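**Student:** One structure, as structure tokens, below. Some questions next.
Please treat every number below as a calculation from the coordinates, not as lab data. Source: prediction; values computed, not measured. Here the Cβ is made from the backbone with ideal geometry for all residues, glycine too, and neighbour counts use every protein chain on show.
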Amino acid sequence: MRREVKYGLIGGSVALVAGVVGGFTLFGGSDESSPQEVRSADGAPGDSSPKVKTGPLTSAEVHTTTRAFLTAWQSGDASKAAALTDSPDTAKSALETFSKQAKFSKVTLTPGKATGGTVPYTVAARIDFKGATAPVSYRTSMDLERDTSTGKPRVAWKPAVLHPDLAKGDELRTGEAEAPPIKAVDRNGTELTPASHPALAGVLESLRDKYGDKTDGKPGVELFIHRAKAAKAAEQQPDKTLKVLSKGTPGTLKTTLDAGLQTAAENAVKGKKEASATAIKPSTGEILAIANSPAKGFSVATQGSLAPGSTMKIVTAAMLMDKGMTSPGKAHPCPKYVTVGGWKFQNLDKTEIPKGTFAQSFAASCNNAFISQAEKLSDDDLTKEARDVFGIGLNWQTGIPTFDGNVPVQSDAQMAASLIGQGGVRMNPLNVATLAATVRAGSFHQPYIVSPSLDNRTLAKAPRAMKPGTAAGLKSLMRLTATSGTAAEAMSGVGGDIGAKTGSAEVDGQKKPNAWFTAYRDDLAAAAVVPASGHGGSNAGPVVRAILTAG
């Protein structure tokens, strides 16, 4: 349950911030504001109650409150320090346990230059744990605000006052690590490290968290942030190592990743402000690559929850064919306008395909060819198809925290919008890659990154297989899209058994839609999203192409 190690080992060179040892550095200037005489409305002295002070804090107020808070905290007077915050009870409890859990002694707090009501400061201390000692130093900050009821300056309490990486419910601890370090290797035995693959930093932390104790490794002693348990498994963050006091022995953990494809995926999203991609093996569900830009932080590729746009038409097309409502060669016009539930839908640029086949409408990604079928469907038809055939929304056991997609039961206009991947439908690149992989394989294989045999977990199973006619029809639709439809430019020159689907998802308040693209080439499937970039084929398409051709 650790992230990147920020500080060196005992015996290494760990320099404290200059000026923090041996005392408490204070701001210069007056300690107190001058007392003010209370006068009545006519200016004469009076005994009327003073008005509550309002407006921004003065520099003197910031200085005085900062010094009082940090002095009380440094001296161990949690009650006095907490009384200067806007949440005295919460602050008192946190301050009382802070040094005990972190095993800190000789805490020194040094404020920096305030900017308005924000005051940065350095926390320097010595860690003492079972005979091992080590210095530690880090910077954080606090915000001071005026209490609206009393007018007095108060520290706006939040866990980051104690450490910048603390969130609600997190704890700073020193002790034996809860899991040994791991040496993660790819499917071919190549070691995977955060240095060689920055996009895997969070994945490797999660793998250590879950599987470190299932290797032959031995834990060391660390200062780390113990993360609070998230309400949803997909949102769980691994613990974060801040300092290693004694090294553990890494245990080797084999993953399904492919180092070459991982590099290709990372390079494909690099340089984009935001982009995410995944690659999986359709015949097995093995995850081959996970990439995000920026590389560090929340993994949109596996935990994101975004409208997938027209990539959802893979599921919708399967549903319509499963129900016998259409087939690739059947006449299936795409009208310019369709009204469902009182909402009028129009195609992009008001285009239409008045006499086309379903294959032509799919390859052109013409929205109203799908929306026009809404009133013939039950509210839960799309939900069932997504779950029972494509595995979306089942409880995936991938080996790392993932959001497994959601296609809620909706009605009227919202249900119609869901048919084209809008409405309440939510997915990420891992989910969308699985859609393409299911088409290529003919059945759903739950994605995973570590073999289920390691911990005897049960992979999710789709309740039913795709009908043979539907499977063949979908492959022909996706091949047509890849060769002469909206995905043709991105897939040009890509050989083998190929299929693709583009998507553009509208987002309120966003000038350009989120660009989506998913495709397969033989036994390799990939998907990517590039938010707020425009058309899927020209923006997310090149990312997927780079992954497919690297494989």
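**Student:** Output ³J(HN,Hα) for segment 110-119: one whole-Hz value per residue in order, computed from phi by the Karplus curve 6.51 cos²θ - 1.76 cosθ + 1.60 with θ = phi - 60°, and x for Gly and Pro.
**Tutor:** Result, ordered by residue: 10, x, x, 7, 6, 10, x, x, 9, 10 Hz.
**Student:** Based on the alpha-carbon gyration tensor of segment 59-170 and its eigenvalue square roots a ≥ b ≥ c, which shape applies: rounded if a/c is under 1.5, prolate if not and a/b is larger than b/c, or oblate?
**Tutor:** Prolate is the answer for segment 59-170, as a/c is 1.5 or above and a/b outweighs b/c.
**Student:** Follow-up question, since we're still on this one. If each residue's Cβ is checked for other Cβ atoms within 10 Å, how do SER99, SER453 rank with the fewest at the top?
**Tutor:** If I rank by nearby Cβ atoms, fewest first, I get SER453, SER99.
**Student:** Working out 0.36 nm times the residue gap between SER484 and ALA231, then minus their Cα-Cα distance, what length gain in nm do you get to one decimal?
**Tutor:** 86.6 nm
**Student:** Cut-off 14 Å, label point 7 angstrom out along Cα-to-Cβ of SER283: give me the residues of segment 524-546 whose amide nitrogen falls inside.
**Tutor:** Residues passing the 14 Å test: 524-525.
**Student:** I've got another one for you. Suppose R0 equals 51 Å. What FRET efficiency, 1/(1 + (r/R0)^6) with r the Cβ-Cβ distance, do THR190 and ALA60 give to the nearest 0.05?
**Tutor:** Result of the calculation: an efficiency of 0.25.
**Student:** Between LYS113 and LYS344, what length in nm is gained on full extension when 0.36 nm per residue of separation is reduced by their alpha carbon distance?
**Tutor:** My answer for the length gained is 77.4 nm.
**Student:** Could you put THR438, THR110, THR148 in order, starting from the residue whose Cβ has the fewest other Cβ atoms within 10 Å?
**Tutor:** Exposure proxy ranking, most exposed first: THR148, THR110, THR438.
**Student:** I've got another one for you. Helix-derived [θ] at 222 nm for the chain: sum -39500 (n - 2.57) over DSSP H runs of at least 4, divide by residue count, nearest 500?
**Tutor:** -7500 deg cm²/dmol
**Student:** So which trypsin sites (Lys or Arg not before Pro) in segment 345-421 are both in a DSSP loop and have at most 16 other Cβ atoms within 10 Å of their Cβ?
**Tutor:** LYS355
**Student:** A further question follows. From the Cα gyration tensor of segment 303-403, with a ≥ b ≥ c the square roots of its eigenvalues, which class applies: rounded if a/c is under 1.5, or else prolate if a/b is larger than b/c, or else oblate?
**Tutor:** prolate
**Student:** Still on this structure: With the cut-off at 1.5 for a/c, could you classify segment 182-253 from its C-alpha gyration tensor as rounded, prolate or oblate?
**Tutor:** Note, shape of segment 182-253 comes out oblate.
**Student:** Compute the distance from the alpha-carbon center of segment 373-422 to that of segment 281-328, in whole Å.
**Tutor:** So the separation of the two Cα centres works out to 11 Å.
**Student:** To continue, here is another question. Using DSSP to call loops (not H, G, I, E or B), can you name the trypsin sites (Lys or Arg not before Pro) in segment 476-551 whose Cβ has at most 12 other Cβ atoms within 10 angstrom?
**Tutor:** LYS511
**Student:** Kindly state, to the nearest 0.05, the FRET efficiency for THR351 paired with LYS323, given R0 = 25 Å and r defined as their beta-carbon distance.
**Tutor:** Computed FRET efficiency for THR351 and LYS323 comes out at 0.45.
**Student:** In what order do TRP343, TRP396 fall by count of nearby beta-carbon atoms within 10 Å, going from fewest to most?
**Tutor:** The most exposed by this proxy come first: TRP343, TRP396.
**Student:** Quick check: the distance between the Cα centres of segment 59-92 and segment 464-524, to the nearest angstrom?
**Tutor:** 58 Å
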